[in-house]
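> So that we are looking at the same thing, I have put the structure below in structure tokens.
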Amino acid sequence: MLVINFDEFYFHVRRGLPKWERLGHPLDTLTVLACFVFTLTAPFNPWMLKVYIGLAIFSCIFVTKDEFVHKECCPASEQWLHAVLFINHPIVLTAAGLLWPIVDGKGGPEWLSGLLPYVDTLRFVLIGQTVCVALFLIYQTIYWNLCYGRTENASK
């Protein structure tokens, strides 16, 4: 959340976003939110794990969709930060996937068994992360597509 917030509130607010980014960035966030919501609502089992892996892979690929045009409108420092986000993205989704069976009461991988006493804390972390991502999605949608768009159109 720290890195994406720096990208948002330093780079995006500073340069403004064209319409394709104002629409695309909330969609990126929605793919992440779908993964987190899935870990909190779906029962952990081998089939659901495959579905989650598919959602996570889709999200990891989907968030890279803008990079072909970012080279035209972003400074090198913002592109570097995007690279950091692309490294972080699968790590975060893998971590959520590893916590999922523990939070769902299925035990999880053997090497994570030491986390079992902290199930309530882990559930709180997943819920907290999900709420943060949902709030970020709401912010992106409202600010960039309602507030920013009106300000931009009013100045023309």
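Readers should treat all values here as calculations from the given coordinates under stated rules, not as data from a laboratory. What you see is a predicted model; the values in this text were computed from it and never measured. Using ideal geometry, Cβ is built from the backbone for each residue, glycine included, and neighbour counts are taken over all protein chains shown.
> Dipole size in debye (nearest 20) for the range 2-150 around its Cα centre, Lys and Arg Cβ +1, Asp and Glu Cβ -1?
Dipole magnitude for the range 2-150 comes out near 280 debye.
> If you don't mind, another one. For the range 50-63, what does the Karplus curve 6.51 cos²θ - 1.76 cosθ + 1.60, with θ = phi - 60°, yield as ³J(HN,Hα) per residue in whole Hz, taken in order and with x for Gly and Pro?
My calculation for the range 50-63 gives 5, 4, 4, 4, x, 4, 5, 5, 4, 4, 4, 7, 4, 5 Hz in order.
> With angles folded into 0 to 90 degrees, how steeply does helix 76-103 sit against the dominant principal axis of the chain? Use alpha carbons for both and round to 10.
Tilt of helix 76-103: around 30 degrees.
> If one takes the longest principal axis of the Cα atoms in the chain, at what angle in degrees, from 0 to 90 and to the nearest 10, does the Cα axis of helix 119-142 lie?
20 degrees
> Just one of [x] 15.2, 46; [y] 18.8, 64; [z] 17.5, 60 is Rg and Dmax of the Cα atoms in Å calculated from these coordinates, so which is it?
Given [x] 15.2, 46; [y] 18.8, 64; [z] 17.5, 60, the calculated one carries the label [z].
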